[in-house]
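Notes follow the structure.
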Amino acid sequence: MGFGHIPFDVSHALAGGMLLMSFVLLYQRRVPGLIAALATQGGLLGLAALWQGWAQGAAGLYLTGLIALVAKAVLIPWALSTLVRRLGMHGSVQTALGIGPSMIAGVGLAALALVVALPVAAGGSALAQEDLAVALSVVLLGMLVMIARRNAIGQVVGLMSMENGLILAAVGVQGLPLLIELSTAALLLVLALVAGVFLTGIRERFDSLDVAFLEDHRGERR
Amino acid sequence: MAAFAALLTQILHLALLLVLAPLLVGVVRWLKARLLGRRGASPLQPWRDMRKLLLKRPIIAESASVVTLAAPYVAVAATVVAALLVPSFTRGMALAPVADLLVLAGCLALARGALALAGMDAGTPFGGLGAAREMAFAALAEPALLLVALCCAILAGSSNIDAIAAVFAEGALGIRVSLALALAALVAVALAENARIPVDNPATHLELTMVHEAMILEASGRHLALWEYQAALALTLWLSLLAAIFVPFGMAPAASGPIGWLVGLAAYAAKIGALALLLAVFESAIAKMRVFRVPEFLGAALLLGLLGALFLFVSTGLL
């Protein structure tokens, strides 16, 4: 299977859309924009999983896709935006790294993912190779979003995006055990709950979501 | 016979673009007005404005030199040459062999240079400010365009727009991540080059934010008509370029008869109409960004283009 085959093309395009959304996350400063980009990425992930389920004929992947569509494209973004509204956060998020440097770092990370992933998957099909590279880029970019945002919401969004990348890598290969998939999904929901409690907690204590306050609290010196 | 058909399509293409350009601006304005709940002026309004301006005598600033007199003609000529190169309803026009993306970038750069010189010539502060901003944006937009050209050239094996459209229309290449990245980069560049909303507001004379309008503040009469015509033609040509590279479907292949051309014309009208609607919706939905954030926006476009090229280098084993 290679370029020009419809099953390959569609999954490739969906993965490419997720990568583009990672860059949008990196570029976006406003919290509602961040959440919308995360929701879009989750939706694309859901579609990618459904498509893979159809292309591979694996029924388990349909479930993965539905979970992604319901939880990642609707529920989690909705919960995050209610949280944001309740905490009264508007305007832009403070960035630890400027947009320019973080975009440059992002392209560097994507290049690194390519260079690392292609030889690793050298035995596999072209599909597996590029999908793995794209998925690894999404994971690395999620990590970069966590580093580049000082705001706790930004960090939660980065973490979710990283998880999206992991699932993307998992649906690309044949035969992901359903049990593992379900447990990651459950883990993610727990994670979202913990993040919500955590955000409300630090908001109450420091009257801000800037994680820099935590450093003093932990007794770290800068 | 083939040479005659090539020449005929070239002339038809030019006539189509020349007539369509102000109409397209009018249509976008009308669509935006409808989206904002206003009635909006007729799509023919830009043509009427232009006729009115052409009947008026241009008033030249005392401090202006010959540059102010020559610049509108240079800019319009360069844009017309660029418009000749971008295919609209058919491939294989007479100038197709020289229709290179790099030539196109050069023509547009020439038009932009003339515009910036005209802005600075009269010596008014707004003109100079607009020219400085335009050039600062161009410093990022042009490399981004070149990277998009690089992506297309790697995929299609040529930087000729006609050849790229032919290869992409076959669909054998499939959908690539790099093409998505290149599309995002090219759309950002097109928005910046045409002074559309996130970068510049085409409907305002608010001095703090304007770029394109600031450079033509001193122009009047037929000079203003020429500048407005140049801007309209540039918008048409950018939309045609996006359509030709990323949705080349329906375009008549080289050496097809009048029926193929008619089909191509219908497809072209549909594509340009859809793009105009998208532009109007996009411009109504988002706010203009601060001038100092534009370099970030275009820098992001540049990096996306770079990433697209990088993907291609790796996946084709060139690296």
Scan the range B:32-62 for residues that are more than 18 Å from B:LEU224 (Cα to Cα) and either outside any helix (DSSP H, G or I) or in contact with a Pro (Cβ under 9 Å, 6 or more places away or on another chain) (or both) and jot them down.
B:LEU36, B:GLY37, B:ARG38, B:ARG39, B:GLY40, B:ALA41, B:SER42, B:PRO43
Got a number for residues in the range B:282-299 being within 14 Å of another protein chain (Cβ to nearest Cβ) and more than 21 Å from B:ALA180 (Cα to Cα)?
9
Run A:GLY42 past the list (1) at pLDDT 90 or above; (2) buried (at least 20 other Cβ atoms within 10 Å of the Cβ); (3) within 14 Å of chain B (Cβ to nearest Cβ) and report the number of the one that doesn't hold.
(3)
Matching residues, the range B:174-192, being under 26 Å from B:PRO97 (Cβ atoms) and out of contact with any helix residue (DSSP H, G or I) (no Cβ under 6 Å at 6 or more places or on another chain)
B:LEU179
A careful count of residues in the range A:57-80 that are surrounded by fewer than 17 Cβ atoms within 10 Å (Cβ to Cβ) and either of a type in the set (Asp, Glu) or at negative phi (or both) gives 7
With the requirement that a residue be farther than 15 Å from A:ALA169 by Cα and at pLDDT 80 or above, what does the range A:8-21 give you?
A:VAL10, A:LEU20, A:MET21
Quick one: which residue in B:LEU279, B:LEU302 is at pLDDT 90 or above, within 16 Å of B:ALA192 (Cα to Cα) and within 10 Å of chain A (Cβ to nearest Cβ)?
B:LEU302
Out of all the residues in the range B:157-186, which are more than 10 Å from every other protein chain (Cβ to nearest Cβ), surrounded by 20 or more Cβ atoms within 10 Å (Cβ to Cβ) and of a type in the set (A, V, I, L, M, F, W, C)?
B:ILE161, B:ILE164, B:ALA165, B:ALA166, B:PHE168, B:ALA182, B:ALA185, B:LEU186
Between B:ALA266, B:ALA254, which is out of contact with any helix residue (DSSP H, G or I) (no Cβ under 7 Å at 6 or more places or on another chain), more than 14 Å from chain A (Cβ to nearest Cβ), assigned to a loop (DSSP other than H, G, I, E, B) and among the aliphatic types (A, V, I, L, M)?
B:ALA254
For the range B:10-23, name all the residues that are in contact (Cβ under 8 Å) with a residue 12 or more places away in the chain and more than 14 Å from B:THR79 (Cβ to Cβ).
B:GLN10, B:LEU12, B:HIS13, B:LEU16, B:LEU23
With respect to A:PHE8, is the statement that it is surrounded by fewer than 21 Cβ atoms within 10 Å (Cβ to Cβ), within 11 Å of chain B (Cβ to nearest Cβ) and in contact (Cβ under 8 Å) with a residue 60 or more places away in the chain true?
yes
Just a yes or no: is a residue in the range B:233-242 of a type outside the set (Val, Ile, Thr), over 21 Å from B:ALA99 (Cα atoms) and crowded, with 17+ Cβ neighbours inside 10 Å?
no
Restricting attention to the range B:277-296, which residues are surrounded by fewer than 20 Cβ atoms within 10 Å (Cβ to Cβ) and in a helix (DSSP H, G or I)?
B:LEU277, B:LEU278, B:VAL281, B:PHE282, B:SER284, B:ALA285, B:VAL291, B:PHE292, B:ARG293, B:PRO295, B:GLU296
If you go through the range B:169-192, how many residues are modelled with pLDDT under 90 and at negative phi?
11
Candidate set: the range A:45-56, residues that are of a type in the set (Gly, Ala, Ser) and within 22 Å of A:GLY142 (Cβ to Cβ); chosen: the one surrounded by the fewest Cβ atoms within 10 Å (Cβ to Cβ):
A:GLY46
Could you please let me know if B:ALA219 is within 30 Å of B:LEU55 (Cβ to Cβ), more than 18 Å from the chain's Cα centre (by Cα) and surrounded by 23 or more Cβ atoms within 10 Å (Cβ to Cβ)?
yes
Which pairs have Cβ atoms under 7 Å, sit 6 or more apart or on different chains, and link a residue in the range A:12-38 that is within 17 Å of A:ALA152 (Cβ to Cβ) and free of Cβ contacts under 8 Å to residues at least 40 places away in the same chain to one that is among the aliphatic types (A, V, I, L, M) and part of a loop (DSSP other than H, G, I, E, B)?
none
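Yes/no matrix, rows are residues, columns are (1) farther than 29 Å from B:VAL211 by Cβ; (2) hydroxyl-bearing (Ser, Thr, Tyr); (3) out of contact with any strand residue (DSSP E or B) (no Cβ under 8 Å at 6 or more places or on another chain):
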residue	(1), (2), (3)
B:MET93	yes, no, yes
B:PRO97	yes, no, no
B:ALA116	no, no, yes
B:GLY127	no, no, yes
B:ILE175	yes, no, yes
Within the range B:108-164, which residues are over 30 Å from B:ALA96 (Cβ atoms), within 17 Å of the chain's Cα centre (by Cα) and charged (D, E, K, R)?
B:GLU134
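The values are calculated or read from the model by the stated rules, or taken from the named source; none is laboratory data. What you see is a predicted model, and the numbers here were worked out from it, not measured in a lab. Here the Cβ is made from the backbone with ideal geometry for all residues, glycine too, and neighbour counts use every protein chain on show.
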